[in-house]
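Before any comments, here is the structure.
The values are calculated or read from the model by the stated rules, or taken from the named source; none is laboratory data. Bear in mind that the values here come from a model prediction, so they are computed numbers and not experimental data. Cβ: placed from backbone, ideal geometry, glycine included. Neighbour counts: every protein chain shown.
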Amino acid sequence: MTTGVGTDGRKRLVIVAGVGRSGTSLFTTMLSLAGFHVPQPEVEPDSTNPKGFGESRWVVDFHRRLLRARRVSMWDSRPAAWAETATAADDAATVNELRAWLDVQFVGRDSVVIKDPRVGWFLPLWRAAADDVGVDVSFASLLRHPAEAVSSAIKWYGEWQTPASRTLSWVNIMLETEHATRADRRAFVPYSSLLSDWSAEVDRVGKTLEIPVLSDPPDDMRKEMDAFVDPTLHRQKVSWQDVGVPEPVQRIADDVWEKFAALATPDGDASEQQAALDEARTAYHAFYAEAEAIAQSTIHALRPKAGSGTRGVAKDAGAGGARPAAQGSGADLLIRVAERVVPPNLRRRVSPVWRSRIMRAANRAARFIKR
């Protein structure tokens, strides 16, 4: 099939990067309908994503193993975590493993799509393997308001990570993914636009990524996509008031969201907007460093005792990812320690949104009583 071949005749690899619960599965499946191969076997659909994930089981397992070895979670808010995952591209055995697998995926094919919410942590690794195989790489990042993405993640992946921590993870992952793909052909795809007018949005993406079949799909392909796109998939229409995050975190996320929304407009992916994102990235790093400095006592108190050992990384709910049993970040620990005030049996009785509200109210009351 030749639908995915780039204008220079090279084979094409499209990597769908970004935060989970942002419409990445929808877009990946649309690419598969356009002729892009999703490496098999795929992760089986479940209640968190009944229409399928569009994820290769091998890719998910590969990324999980790499993250576990570096004690990084899929929803990690630490800027320092990127230095850990970058080491994968420097490991010859890891690069060779990915290159050998990727080479097989292009046997008899010219277009492959890779989607996994963890892939953003390893973009240098994928770029190195793709260069060795001789395929052209482009990127698509789905844009969904962080309040919706975080609410969906809490609902389907569990409450082990607070709304504030997940929101900062959204900020961290989106900023670093954008920064890492500036030299590449890329497109930013608003999830809401994909649902409201998929034809116009796919046409724009096709022109941006130079994939002609997306700009002018055959009638049968158009009918398949029209039947697949279901606006009712937009199940988490919430605001910050529903999620419950501290105002400083909300302000950071809103600022970053506005800058990303501009990238999806005509000529929006320009140097001025990239400079604004650089400023946001620098500000976030400073904010996080300050939080870690404040949380030094918490870090010390929760540090494993000598001889007790540390646990590895436990799997998050569904296909959502992995979480560290003992996160090494002071900011994450500071955000999560409030959970201890509200008994688990009480948290389980109410929805995730109201759980966060109850926790905040209980913590304020506890602080008042202790005065």
Pairing a residue in the stretch 239-257 that is surrounded by 14 or more Cβ atoms within 10 Å (Cβ to Cβ) with any residue that is hydroxyl-bearing (Ser, Thr, Tyr), where Cβ atoms lie under 6 Å and the two sit 6 or more apart in sequence or on different chains, gives 243/151; 244/356; 245/167; 249/167; 253/167
Those residues of the stretch 289-298 which are in contact with a Leu (Cβ under 6 Å, 6 or more places away or on another chain) and in a helix (DSSP H, G or I) amount to 298
Residue set 56, 47, 25; condition of a type in the set (Gly, Ala, Ser), surrounded by 22 or more Cβ atoms within 10 Å (Cβ to Cβ) and farther than 20 Å from residue 143 by Cβ; output residue 56
Here the residues within the stretch 244-257 that are of a type in the set (D, E, K, R) and closer than 15 Å to residue 172 by Cα are 251, 254, 255
With criteria (1) surrounded by 24 or more Cβ atoms within 10 Å (Cβ to Cβ); (2) aliphatic (A, V, I, L, M); (3) closer than 20 Å to residue 56 by Cα, residue 147 comes up short on (3)
Log entry, pairs with first residue in the stretch 193-219 being in contact (Cβ under 8 Å) with a residue 24 or more places away in the chain and within 17 Å of residue 111 (Cα to Cα), second being of a type outside the set (A, V, I, L, M) and exposed (fewer than 15 other Cβ atoms within 10 Å of the Cβ), beta carbons closer than 6 Å, six or more apart or on different chains, reads 210/7
Apart from one, (1) at pLDDT 95 or above; (2) part of a helix (DSSP H, G or I) all hold for residue 241; the odd one out is (1)
In the stretch 185-224, anything aliphatic (A, V, I, L, M), buried (at least 16 other Cβ atoms within 10 Å of the Cβ) and either more than 20 Å from residue 50 (Cα to Cα) or modelled with pLDDT of 95 or more (or both) is listed as 187, 189, 202, 205, 209, 211, 213, 214, 221
Subset of the stretch 63-110, residues farther than 19 Å from residue 141 by Cβ and either under 15 Å from the mean Cα position of the chain (by Cα) or part of a strand (DSSP E or B) (or both), comes to 64, 67, 72, 73, 78
All conditions in (1) within 23 Å of residue 275 (Cβ to Cβ); (2) part of a helix (DSSP H, G or I) are true of residue 155 except (1)
Residue 269 passes all but one of the listed conditions (1) surrounded by fewer than 17 Cβ atoms within 10 Å (Cβ to Cβ); (2) of a type in the set (Asp, Glu); (3) outside any helix (DSSP H, G or I); the exception is number (1)
Cβ pairs under 7 Å, 6+ apart or interchain, first in the stretch 31-47 and more than 17 Å from residue 206 (Cα to Cα), second part of a loop (DSSP other than H, G, I, E, B) and at pLDDT 95 or above, ordered by first then second residue, are 42/55; 43/55
